[in-house]
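K.L.:
Would you mind keeping the following structure in view while I ask a few things?
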Amino acid sequence: MALKIWRYDAVKGERALEEYEVDAPDWATLLDVLDIVKDRHDGTLAYRKSCRMMICGSCGMRMDGAAVLACKTRMVDIAESGHVPVISAMGNMPIVKDLVVDMNPFWGKIRAVQPWLEPGYSDPGEKEHIVSQERMDTIHKESLCIMCGCCVSECNSMEADPDFLGPAALAKGMRFVGDARDRATVERLQSYSEEHGIWDCTRCYFCQERCPKGVDPRDAIAKLGAEAMREGIDSDMGARHAKWFVTSAKTTGWLRETELVPKTQGIAKSMKEVTFAMGLLKHGKVPPPFPPHVAKHVDEARALYDIVKQEGAQGAAGIVQSEHALARLEFVHESGAEERDPYGPDSFPEPLPPGEGAGQ
Amino acid sequence: MEVMHDVVVVGAGCAGMRAAIEAFDAGADVAMISKIHPVRSHSGAAEGGINAALGNASEDDPEKHAFDTVKGSDYLGDQDAIEILCQEAPDDVYQLEHWGAVFSRTPDGRIAQRPFGAAGEPRTAYAADITGHVLIHVLYEQVLKRDIPTYEEYFAWKLVVDDGRCQGVIAWDLLRGGLQSIGAKTVILATGGAGRLYTGTTNAYACTGDGMAMALRAGVALKDMEMMQFHPTTLAPTGVLITEGCRGEGAYLLNAKAERFLVRYAPNAMELASRDVISRAEQTEIDEGRGLNGNVMLDLRHLGAERILERLHGTRELSMTFAGVDPIYEPIPVRPGAHYHMGGVDTDVWGQTSLPGLYAAGEVACVSVHGANRLGGNALMETITYGKRVGRHASEWALANTTVEVPAAVEADAERELKALLDRTAGERPWQIRDELAETMHVNFGVFRREEQMLEQGAIVQSLRERYESVVVEDKGEVFNSDLTQALELGFLLELAECMVVSGIARKESRGAHARPYDYPNRDDEKYLRHTLVTWKDGAVQLDWKPVTMTKWQPQERTY
């Protein structure tokens, strides 16, 4: 198969796209192909690797512009299609050499969320904490994170604001906020709600899309936001913005945009936007604020609000999450999907009871 | 010498980080050196669990755990070391839980425990099937909390020995290039195993036996090096691990005729017999033509989707990615693969080696807790309990002793040796030697061993070592030169292979992982209830023996 690799020479500061043609077995992953290139074609090629089984997180890189774990990416289909993939280093981190990036900024942000349990006692007692499995499950997805950096590589907010904490660090934060044993929830939420924190996420969902482990970092950030608001930590513009959406939908059944700006930014700040708003108004882009326009079917919006309230889901529990972790590895039990019989005619035979069968 | 610490830990997996945490808490200035970032360490790939007699799933006690371990070791384990492990294990697991480890839970909210191979009780505490991942992250969290300095992506290459003491490490800085000597009053090796000696291995690319080889070169003895465990359930072709937790949850092993063939090998324990027994049974089935493309089948279908998704989701992900099989609907094709080195650096129960100031903990060490065969779930436990003990002893020693000296001549020698390697421009690149070594070890020093094959392997390793003498590193750069470090790793592996072959030929019996069905099919307690011990003298291996420590258990016939 053929592939192109963006090489980078740190000493000379030169980049070059080089193409390689290699013989690879059917089972080869991207990592196996890189190994073949390094062994047989060019020993100077640099990339990180270790476990080759999707758990150490070393081999994050980009293929055709999207972050992948090289060891998880099977190449046979790509090779057969004739497509020549372009391999490059992850984004949002400085390149050290070829496919190796400097992960120090990444680890710095992990440190910034104080990623250790604050159990709030000095004497832990002789045995374990009693915690139900159900309660542990609330941080299941977050604890799957292998810190490969794929989410950070793809993060649009971080591209605009390099100081943004980012999806990996915030998911790590949620791992503690959601932990029944942690006693620093409020302090954590206050700190994560500051500038460059929870509310600076643009909800582009690239992190969620590209995470190779099903951590769903954007869901984690949404859960942090919900937990923060439950604790009354809502002074950030992002939180006020979200709150106004709810109020607005409940009262009028749609978004009262004219009030959104002052509600989010505060009266004083939004005064600066008056000229801009007047301009919009002149072109008929803003409905007059008074009297508020009420949607025809506002009852439906209110009913929806009531249903959510009645469910009683508070904080993170109220966040509707995307697919269950790892469910994206297709599991056919959806309605309409044909039930597959593990012991059907085309399956491996059912085990014989021990002792039955021809033996030797 | 540019920098100095009281204690330097080489390797930052579970054993290394646990040792560093203990040394820090004892008040020592401790630093870790690791060729990969701590959370990348291969402890994180441990899946099934960690053994401690918590008694959460049944009546259990440390003595039962100890007996199972002694029997599992085929009586080659040192019983004092085993008793310490089993006694201290429960508190060490509670400690991990207090630090925040995300263990799976029983219905009453305690740490859940599952049955595991050759264990008399359900004793294996677990976090679904990602226990190692959960532990490595909780230990890293505690390292961050203490702000323990780490030389990340530094490749430890040589131990500094001066005045009859280990006084530091010389390492290559992968990111920036250049050798750096790091002085230390005590050095703890926690570099893991050497599974990369084999083609089919569960081990990461990083598992190249660095610490064992560095110790060997410093004149320290390696113990029981012939004892390489083959895990019964690994995926073709490269050996990706499928956890024993599958069988703990009730999975069957079937041959091509859908027979649960273990009835002929371990009629009582069946799929939960010890790993050596099951690997031999599988290999026999495959060799005698009852396999399926060189595999047997691991059948999880009867466990049902819910249980698989809840407790074995990582296994499902691995088998779908690497074998194209969804275990909810199809059995997983598996075969034995090199997994764990019971042998390693000879230490006492505080991790001390024969060289003052040098310690070892975890897979690199041979205390010996595992003897001739390790029980699933005992490796993670050893990293924690012995990591803690070794960290404590090494820091106490360091705090009581003051001077460190890295002689300039030692640094100069290392610089010269490295320059000679990098200056060489004509010759063979290392990868072919590496591949030949791994392929031949798999064939000649695998699950079953024949005298003539071991002798042949000895000759092969000799010739590969000669070829290695003139090996060429293509990358001459300073920045992230993995071509260089991979060449150095191969040098480590070649010496270890020689140690293994010499030890294997000398042990003329079948015990645990060392199976010689063709010439010595039985265990011979009279002659071989003792450890092999190898040292490196004048470019060759010297063999010696060491008695096994017995406390309360006399050898018995071992059946499952």
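K.L.:
Could you list, in sequence order, the residues of region B:102-148 that are part of a loop (DSSP other than H, G, I, E, B), aliphatic (A, V, I, L, M) and more than 22 Å from the chain's Cα centre (by Cα)?
P.N.:
The first filter runs over region B:102-148 and keeps only residues part of a loop (DSSP other than H, G, I, E, B), leaving B:102-104, B:106-110, B:112, B:115-123, B:126-130, B:147-148.
With the extra rule that they be aliphatic (A, V, I, L, M), the set shrinks to B:102, B:112, B:118-119, B:127-128, B:130, B:148.
B:Val102, B:Ala112, B:Ile148, listed by residue number.
K.L.:
Let me ask something else. Name the single residue, out of those in region B:307-329 being in contact with a strand residue (DSSP E or B) (Cβ under 8 Å, 6 or more places away or on another chain) and of a type in the set (A, V, I, L, M), that is nearest to the other protein chains (Cβ to nearest Cβ).
P.N.:
So the residue we want is B:Leu318.
K.L.:
Residue check, A:Ala16 against (1) free of Cβ contacts under 8 Å to residues at least 12 places away in the same chain; (2) closer than 25 Å to B:Gly427 by Cβ; (3) not in a helix (DSSP H, G or I), all met but one. Which one?
P.N.:
So A:Ala16 meets the others, but not (2).
K.L.:
Okay, moving on. Tell me, yes or no, whether region B:95-103 has at least one residue that is touching a residue at least 60 places away in the same chain (Cβ under 8 Å), of a type in the set (Phe, Trp, Tyr) and buried (at least 23 other Cβ atoms within 10 Å of the Cβ).
P.N.:
No, that holds for no residue.
K.L.:
Of the residues B:Val461, B:Val471, B:Val443, which single one is of a type outside the set (S, T, N, Q), in a loop (DSSP other than H, G, I, E, B) and not assigned by TED's automatic domain parsing to the domain that holds B:Asp92?
P.N.:
B:Val471
K.L.:
Hey, any hits in region B:366-383 for a residue that's among the hydrophobic types (A, V, I, L, M, F, W, C), out of contact with any helix residue (DSSP H, G or I) (no Cβ under 6 Å at 6 or more places or on another chain) and over 29 Å from B:Gln113 (Cβ atoms)?
P.N.:
Within region B:366-383, none of the residues are among the hydrophobic types (A, V, I, L, M, F, W, C), out of contact with any helix residue (DSSP H, G or I) (no Cβ under 6 Å at 6 or more places or on another chain) and over 29 Å from B:Gln113 (Cβ atoms).
K.L.:
Can you tell me which residue in region B:50-65 is nearest to B:Glu526 (Cα to Cα), limited to those that are away from chain A (no Cβ under 14 Å) and crowded, with 24+ Cβ neighbours inside 10 Å?
P.N.:
B:His65
K.L.:
State whether one or more residues within region B:46-57 are under 24 Å from B:Val10 (Cα atoms) and out of contact with any Gly (no Cβ under 7 Å at 6 or more places or on another chain).
P.N.:
no
K.L.:
OK, next. Kindly provide the set of residues from region A:24-52 that are closer than 19 Å to B:Ile36 by Cβ, assigned to a loop (DSSP other than H, G, I, E, B) and more than 7 Å from chain B (Cβ to nearest Cβ), ordered by number.
P.N.:
Once the filter is applied, which keeps residues that are closer than 19 Å to B:Ile36 by Cβ, assigned to a loop (DSSP other than H, G, I, E, B) and more than 7 Å from chain B (Cβ to nearest Cβ), region A:24-52 yields A:Leu45, A:Tyr47, A:Arg48.
K.L.:
Among residues belonging to region B:107-142 that are facing chain A (nearest Cβ under 9 Å) and touching a Pro at 6+ places or on another chain (Cβ under 7 Å), point out the one that is farthest from A:Ala171 (Cα to Cα).
P.N.:
Among residues in region B:107-142 that are facing chain A (nearest Cβ under 9 Å) and touching a Pro at 6+ places or on another chain (Cβ under 7 Å), the one farthest from A:Ala171 (Cα to Cα) is B:Tyr140.
K.L.:
Same structure again: Give me a count of the residues in region A:9-19 that are more than 10 Å from chain B (Cβ to nearest Cβ) and touching a strand residue (DSSP E or B) at 6+ places or on another chain (Cβ under 6 Å).
P.N.:
The qualifying residues number 5.
K.L.:
Pull up region B:273-300, narrow it to residues that are touching a helix residue (DSSP H, G or I) at 6+ places or on another chain (Cβ under 9 Å) and of a type in the set (Lys, Arg), then point me to the one that is nearest to the other protein chains (Cβ to nearest Cβ).
P.N.:
Once the filter is applied, the top-ranked residue is B:Arg290.
K.L.:
Can you confirm whether region A:73-92 contains a residue that is touching a residue at least 12 places away in the same chain (Cβ under 8 Å), among the hydrophobic types (A, V, I, L, M, F, W, C), surrounded by 15 or more Cβ atoms within 10 Å (Cβ to Cβ) and within 8 Å of chain B (Cβ to nearest Cβ)?
P.N.:
For region A:73-92, residues touching a residue at least 12 places away in the same chain (Cβ under 8 Å), among the hydrophobic types (A, V, I, L, M, F, W, C), surrounded by 15 or more Cβ atoms within 10 Å (Cβ to Cβ) and within 8 Å of chain B (Cβ to nearest Cβ): absent.
K.L.:
Considering each residue of region B:1-30, count those that are of a type in the set (A, V, I, L, M) and farther than 17 Å from B:Arg392 by Cβ, and give that number. Don't jump to the end; show me each part of the working.
P.N.:
From region B:1-30, those of a type in the set (A, V, I, L, M) are B:1, B:3-4, B:7-10, B:12, B:15, B:17, B:19-21, B:23, B:26, B:28, B:30; that's our starting set.
Add one more test, that the residue is farther than 17 Å from B:Arg392 by Cβ, and what stays is B:1, B:3-4, B:10, B:12.
Residues in region B:1-30 being of a type in the set (A, V, I, L, M) and farther than 17 Å from B:Arg392 by Cβ: 5 in total.
K.L.:
What residue, of B:Leu76, B:Leu85, is buried (at least 24 other Cβ atoms within 10 Å of the Cβ), under 19 Å from the mean Cα position of the chain (by Cα) and not in a helix (DSSP H, G or I)? Break it down into steps so the answer makes sense when it comes.
P.N.:
Numbers: B:Leu85 fails: not in a helix (DSSP H, G or I).
None of the other options fit; the residue is B:Leu76.
K.L.:
Just one of B:Glu47, B:Glu97, B:Glu2 is modelled with pLDDT under 95 and either touching an Asp or Glu at 6+ places or on another chain (Cβ under 6 Å) or within 13 Å of chain A (Cβ to nearest Cβ) (or both); which is it?
P.N.:
The unique qualifying residue is B:Glu47.
K.L.:
Here's another thing I want to ask about it. For B:Thr233, only one of the following conditions fails: (1) surrounded by 24 or more Cβ atoms within 10 Å (Cβ to Cβ); (2) out of contact with any His (no Cβ under 6 Å at 6 or more places or on another chain); (3) at positive phi. What is its number?
P.N.:
(3)
K.L.:
Out of the strands (runs of 3 or more DSSP E) lying entirely within region B:184-301, which hold 1 or more residues that are more than 22 Å from the chain's Cα centre (by Cα)?
P.N.:
B:252-254, B:296-299
K.L.:
B:Ile33 is checked against (1) more than 22 Å from B:Asp348 (Cβ to Cβ); (2) part of a loop (DSSP other than H, G, I, E, B) and fails just one. What number does that condition carry?
P.N.:
Evaluating B:Ile33 over (1) more than 22 Å from B:Asp348 (Cβ to Cβ); (2) part of a loop (DSSP other than H, G, I, E, B) leaves (2) as the failure.
K.L.:
Filter region B:402-414 down to residues that are surrounded by 13 or more Cβ atoms within 10 Å (Cβ to Cβ) and either within 11 Å of B:Leu179 (Cα to Cα) or hydrophobic (A, V, I, L, M, F, W, C) (or both), then give me how many there are.
P.N.:
Qualifying residue count, region B:402-414: 5.
K.L.:
Would you check which residues across region A:334-355 are facing chain B (nearest Cβ under 7 Å) and modelled with pLDDT under 85 and list them?
P.N.:
Once the filter is applied, which keeps residues that are facing chain B (nearest Cβ under 7 Å) and modelled with pLDDT under 85, region A:334-355 yields A:Arg340, A:Pro354, A:Gly355.
K.L.:
Can you find a residue that is away from every other protein chain (no Cβ under 14 Å), crowded, with 22+ Cβ neighbours inside 10 Å and at pLDDT 95 or above anywhere in region B:250-272? Write out each step before concluding.
P.N.:
The first filter runs over region B:250-272 and keeps only residues away from every other protein chain (no Cβ under 14 Å), leaving none.
No, region B:250-272 contains no residue that is away from every other protein chain (no Cβ under 14 Å), crowded, with 22+ Cβ neighbours inside 10 Å and at pLDDT 95 or above.
K.L.:
Only one residue in B:Arg434, B:Arg450 is modelled with pLDDT of 95 or more and within 30 Å of B:Cys166 (Cβ to Cβ). Which one?
P.N.:
B:Arg434
K.L.:
Looking only at residues that are within 8 Å of chain B (Cβ to nearest Cβ), part of a helix (DSSP H, G or I) and of a type in the set (S, T, N, Q) in region A:95-150, which one is farthest from A:Glu19 (Cα to Cα)?
P.N.:
Among them, the one singled out is A:Gln133.
K.L.:
Oh, and also: Quick test for you: out of A:Lys243, A:Lys250, A:Lys213, pick the one residue that is charged (D, E, K, R), out of contact with any Pro (no Cβ under 6 Å at 6 or more places or on another chain) and closer than 29 Å to A:Gly60 by Cα.
P.N.:
Going through A:Lys243, A:Lys250, A:Lys213 in turn, the sole match is A:Lys213.
K.L.:
Okay, moving on. Looking for something surrounded by fewer than 19 Cβ atoms within 10 Å (Cβ to Cβ) and β-branched (Val, Ile, Thr) - is there at least one such residue anywhere in region B:524-545?
P.N.:
yes
K.L.:
A further question follows. Identify the single condition in (1) surrounded by fewer than 19 Cβ atoms within 10 Å (Cβ to Cβ); (2) outside any helix (DSSP H, G or I); (3) touching a residue at least 12 places away in the same chain (Cβ under 8 Å) that A:Leu255 does not satisfy, given that it satisfies every other one.
P.N.:
That leaves (3) as the condition not met.
The values are calculated or read from the model by the stated rules, or taken from the named source; none is laboratory data. Here the structure is a predicted model, which means the values were calculated and not measured. Using ideal geometry, Cβ is built from the backbone for each residue, glycine included, and neighbour counts are taken over all protein chains shown.
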